[in-house]
Amino acid sequence: MEEELNETSCFIQRTTANNLLITVYFVIIIGGTTGIALMIFLITGANRLSVTVTSVINLLVVHGIFIVSVPFRIVYYFQNKWPYGPFFCRVVSAMIHIHIYISFIFYVVLLTMRYVGFFKQRDSIAFYRTLHPLLVSGIVWFLVCVIILPLVFTQYGTSATLNEAECFQFQTEFQNRAVLIMNYIFITVTVLVVCLLLAVQIFIFVKVLRKIQRPILANQEIWVQLKSLFFILVMITCFFPFHIFRIYYMQHAKECFYYNEICLSITALSCLDFFFFAVARFYKKSTCGFTCNVSCISH
């Protein structure tokens, strides 16, 4: 395989790629687990179930389930051997893709409801903020558990013929036209939706800044909008490299395997969102002179 890689622009030493992947996934385990713990602490102090709190709980579950699968990836990249059988390989491989799109869905739900709340004003949507996030969460998890997961675990990677010592080598799937079309749809939807959300966020920021009469960081609405911007930046930073490279990868899947794995590992860095969110929350608390109570997270 490495001789073939030498002849392409995607060449990277297998040892170098494995070391990089091991490092990234170790960071994800440590940072992601720490972030989950910090967010559980913050959520415990929240006095109401808002859009943000509901979405954070959903993301906590999504990230937590994915992080459980990460050690198996580290073992594979460390040993250069998959000891857990082909079915579990498909499960672990599918988990990172499931994590991308379920996280994406909850990010979009969170931001959409926050934008609706901004334009409709808080006082008129108190009921909306409590009931609708729970309803949307229930619908998403129902579809995931009843439809998406059974389809993924029965169809994902079934056309690939793997050596028992290999894993994640599902490049032959791209010979299926339906798989190619589905990937192009996912890429297009992801990029367009994030760009639309970013445009709306910029519009809201401009509108808020025009009304501010005091120092920016002392304004509660600025912090609310910074939280929304943070989630957009997470999607751009973590999801865009994978989806943009995916366009090239689908035509050069055999020789660009390790580059694709590296881009996939970048998507998993979204698990660090809790960590940075919590750090920003504590910074905000110190900036406010500890006068802001924990319920601020619900905005």
Revision key, fill the gap. Apart from one, (1) of a type outside the set (A, V, I, L, M); (2) more than 23 Å from Val61 (Cβ to Cβ); (3) at pLDDT 80 or above; (4) not in a loop (DSSP other than H, G, I, E, B) all hold for Glu166; the odd one out is (4)
Practice item. Please work out which one of (1) of a type in the set (A, V, I, L, M, F, W, C); (2) touching a residue at least 60 places away in the same chain (Cβ under 8 Å); (3) under 23 Å from Met250 (Cα atoms); (4) part of a helix (DSSP H, G or I) is the condition Ile181 fails and give its number. Key: (2)
Review point. Picking from Thr237, Thr267, which residue would you name as being closer than 16 Å to Thr23 by Cα and either open to solvent by 10 Å² or more (accessible area, probe 1.4 Å) or part of a helix (DSSP H, G or I) (or both)?
Key: Thr267
Check your understanding: If you go through the range 240-264, how many residues are buried (at least 18 other Cβ atoms within 10 Å of the Cβ) and among the polar types (S, T, N, Q)?
Key -> 1
Check your understanding: Looking at Tyr101, Tyr84, which one is within 24 Å of Gln225 (Cα to Cα) and open to solvent by 30 Å² or more (accessible area, probe 1.4 Å)?
Key -> Tyr101
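The values are calculated or read from the model by the stated rules, or taken from the named source; none is laboratory data. A quick note: this is a predicted structure, and the numbers were derived from the prediction, not measured. Cβ: placed from backbone, ideal geometry, glycine included. Neighbour counts: every protein chain shown. Surface accessibility is based on the protein's heavy atoms, side chains included, excluding ligands, DNA and RNA. Shrake-Rupley method; radii C 1.70, N 1.55, O 1.52, S 1.80 Å.
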